[in-house]
Amino acid sequence: MNHTSTLRRFVLPVLFVVTGAFAAVTEPAIAGDEVVVTFDANLREQPATGRLILLMAKAGSGADPLDAPFWNDPQPICSIAVIGVRPGEAMRIGDVDATFPGPMSTFDGEYTVRAVLDVDSTTGSFNNCEANLVSEPVHMTWRSGDDDHYAIALTGHIEVPHPQETDRVKEVVVHSERLSTFFGRDVMLRAGVVLPSDYAEHPDRQYAAIYHSPGFGGRHFDAWGRGGNHGGLGEQVINIYVDPDGPNNHHLFVNSVNNGPVGDALVHELIPELERRFRLVAKPEARLLTGHSSGGFTSVWLQVNYPETFGGCWATGPDPVDFRAFQLVNVYDDENAYVDAEGRDRPSVIMGGRTVCTIRQENGMEYALDPTGGAGQQWSSWMACFSKKRANGQPVSIWDLKTGKIDPTLRDYWKKSDVRLILESRWKDIGPLMCERLRIICGDHDNFSLNEAVQLLRESLDKLPGWQSEWATPEERASHGYITLVPGGTHMNLGMYGVSRRIAEEMEIDLRRHGLIE
């Protein structure tokens, strides 16, 4: 997990308005509040099919609506589907179903507003694709009960950064036969590779690799964010940042009916190519995993499901590793994801001891982005990883996005992706390797309550032969798996507790004992 602002598509009836040869706008807007959106032929000549999204941020906040959804301060969102809309043709949004937090007629206040026409289905983020059209910010004053009418012109395309390679930071793009076959189109695997500063001076030297998985919303471009400045251990290994982006956003490298064989593609296609190009040691002990949040889950998932491929995992604050605590939802026993047994709304985000966003609100914003299940945000991305596929090709949510009622018929399907259940069922075969290679660190006050699942997993593993969750010294931790909960630690502040230094030290000891660094 890594909610959008920090680092972090239900089928509707449609109204076809036929103009010429093309069918256009969709969910009907009723009389009252309305925003009309258009684009010119100089921006896009072809008819557009996709989703028109209206994003808002409080005026004066300094926030760009494109950074929505704002889980720390939920703001209005609404959208409609569009089919074959032509340049100059009006797309109208009014009191439609896909609106948060309520009908447009209830909006009240001063807002900065931007419109996005999402026409790309190869990436999950509406704000991460150059094909998508976007407007400039527009100021709007909404008064509840009034009939507010506004017009917005889409004037440009989403800007996506394209970092340039340097002597030390390289981009690797590999065609995936597995994913291309699954999706029926060309699919590429990507990675950012950070080389030691003296890499070119030692053409015969081979290196171990540390595989970094970004958190939610992150991409392999994180390699450029480090600018090659790893220092220390980074001068003796090659740091590789994998790209977890797909049609449903972060896919966690979990093979699924929605995302395809992404884990297999990484292990059997991308990694062998990286090892060929960069003189990497092709042995498990020379492939270490690390990541935080959704990247933490990825590291755990890869270590557990490809136990003999990777020689060690250091995961921090991972997404739910036990579905009895999917944040604060027990997928197997609870009847409703949004409220507890007493009818109180469950928190999704807690900051400073205060709930700033509930699970209902966060799912509501995702519903407003795309009620058919393809919002490409945190919760819908999880559904794509762990759940079934709808007839419309979008992921099936395990709960009703409006009411939160959990569908009990999907619980058994989810069990196959529950890290705890995988470990328990396969412990006889993979337990000895997990006792050496699986390491999880989490704050016991995680802002997204991810510590609840980590604690449950720890209690489960503590009952299995050979496992021990705590080790006293760096040398012991470097050669044993463990699960540690950091007292007072949150999702955001583990660095304050020396966790990064601890991981680097343990990795260094581990690599040295295998003769992979000096």
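Each value in this text was obtained by applying a stated rule to the coordinates, not by laboratory testing. Predicted model, so just to flag it, every value in this text is computed and none were measured. A quick note on method: Cβ atoms are made from the backbone with ideal geometry, for glycine too, and the neighbour counts reach across all protein chains shown.
In this structure, the amide hydrogen of Leu189, modeled 1.01 Å from its nitrogen in the peptide plane, lies closer than 5 angstrom to those of Val174, His175, Ser176, counting only residues at least 5 positions away or on a different chain. Entry note, the chain: the mean residue ellipticity at 222 nm calculated from DSSP H runs of n ≥ 4, each adding -39500 (n - 2.57), is -6000 deg cm²/dmol after division by the residues and rounding to the nearest 500. Centre-to-centre separation between the Cα atoms of region 80-145 and those of region 234-299: 35 Å.
Annotation: lysines with alpha-carbon distance below 28 angstrom to Lys463 (same-chain offsets under eight excluded): Lys415, Lys416, Lys428.
For region 245-270, the residues whose backbone nitrogen is under 14 Å from a point 7 Å from the Cα of Thr181, taken along Cα to Cβ, are 260-262, 264-266, 268-269. As a test, work out the antiparallel percent of DSSP beta bridges whose residues both lie in the chain, rounded to the nearest 5. Among the beta bridges of the chain, antiparallel pairing accounts for roughly 65 percent. Taking amide H as placed 1.01 Å from N in the peptide plane, the amide H of Val339 sits under 5 Å from that of Arg346, each at least 5 places away or on another chain. Relative protection proxy for 388-394, 114-120, 297-303, from highest mean packing down: 297-303, 114-120, 388-394 (other beta-carbon atoms within 10 angstrom).
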